[in-house]
1. Give the peptides 69-81, 217-229 in descending order of average Cβ contacts within 10 Å, highest first.
2. With both partners inside the chain, how many of the DSSP beta bridges are antiparallel, as a percent to the nearest 5?
3. Mind ranking 149-159, 205-215 by how tightly packed they are, going by the mean number of other C-beta atoms within 10 angstrom, highest first?
4. Report the Cα centroid-to-centroid distance between region 1-49 and region 110-186 in angstrom, as an integer.
5. When the accessible area of the chain is computed with all protein chains present and a 1.4 Å probe, what percentage of it is carbon and sulfur?
6. Quick one: accessible area per residue over region 1-81, 1.4 Å probe, rounded to a whole number of Å²?
7. Where does the chain land at 222 nm, in deg cm²/dmol rounded to the nearest 500, when only DSSP H runs of n ≥ 4 count, each adding -39500 (n - 2.57), divided by all residues?
8. Would you please put 16-24, 88-96 in order of how densely packed they are, using the mean number of other Cβ atoms within 10 angstrom per residue and starting with the highest?
Amino acid sequence: MLIPARLAASRLPGKPLAEIGGVPMIVHVLRRAEAAGVGPVAVACGDEAIAEAVRAAGGRAVMTDPALPSGSDRVWAALQILDPVAAHDVVINLQGDLPSLPPAFLRAVLAPLADASVDISTLVAPVGSAEEAAAASVVKAVCAFADGCDVAPALYFSRVAVPGGDGPLWHHVGIYAYRRAALARFVALQPSPLEVREKLEQLRALEAGMRIAVARVDHAPFGVDTPADLARARAELA
């Protein structure tokens, strides 16, 4: 499992090192990842200060080019350094701003890969309010679960409330598990038209004909993007 992290966040600069209960946020996320027990964990760092904080906490850190354009690119770069012989054929990309993530979610994201035809797996949770449905910051996944199933194909992702009609809406949780070959293909692709339009990287994979499937969890974990989010995280984890 790899956690990409860099300091140059636009809305909350330096957030991986923002302290929550005296511990840097990236270390909280690292501990959640380790608790999942699904394999080795490392932080793919864009800045030496993050690497120093991770190592001080006993974690594994690897430096990557600060100029890499996305977390997926950072994960792929770190994977080449940490596993050059391709001993691992699946990698989880975990965002570094989910300090209260239930470790069980990291086990759940692997479930769709039991189907050999799935290239990438990710998570969804029920949308619980009209405000959540309307928020452009909440990405909605177009998927439908058969009775008794917790895994479904992902047909599309959007910032608007889709699909139409009666029925549940699904909040996309941005944790991914990639087959190694799928991640290699994905980072080699150019940004796609719908990806650029919606500002959603996962649409690049769908437009290229790659198959994404989702597992459902009971709630969307709380992410830290703004100073107000950080204050909430500090209160909740106090």
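1. 69-81, 217-229
2. 60
3. Details: 149-159: 17.4, 205-215: 19.3.
Result, highest mean Cβ count within 10 Å first: 205-215, 149-159.
4. Spelled out, the Cα-based centre of one part sits 24 Å from the other.
5. Details: 6040 of 10770 Å².
Looking at the chain in its full context, I get 56 percent from C and S.
6. Here the residues of region 1-81 average 42 Å² of exposed surface.
7. Counting only the DSSP helices, I get -8500 deg cm²/dmol.
8. 88-96, 16-24
The values are calculated or read from the model by the stated rules, or taken from the named source; none is laboratory data. Predicted model only: the values in this text are computed from it and were never measured. Positions of Cβ are backbone-derived with ideal geometry, glycine not excepted, and every protein chain shown enters the neighbour counts. SASA here: full protein model, heavy atoms, side chains in, ligands and nucleic acids out. Shrake-Rupley method; radii C 1.70, N 1.55, O 1.52, S 1.80 Å.
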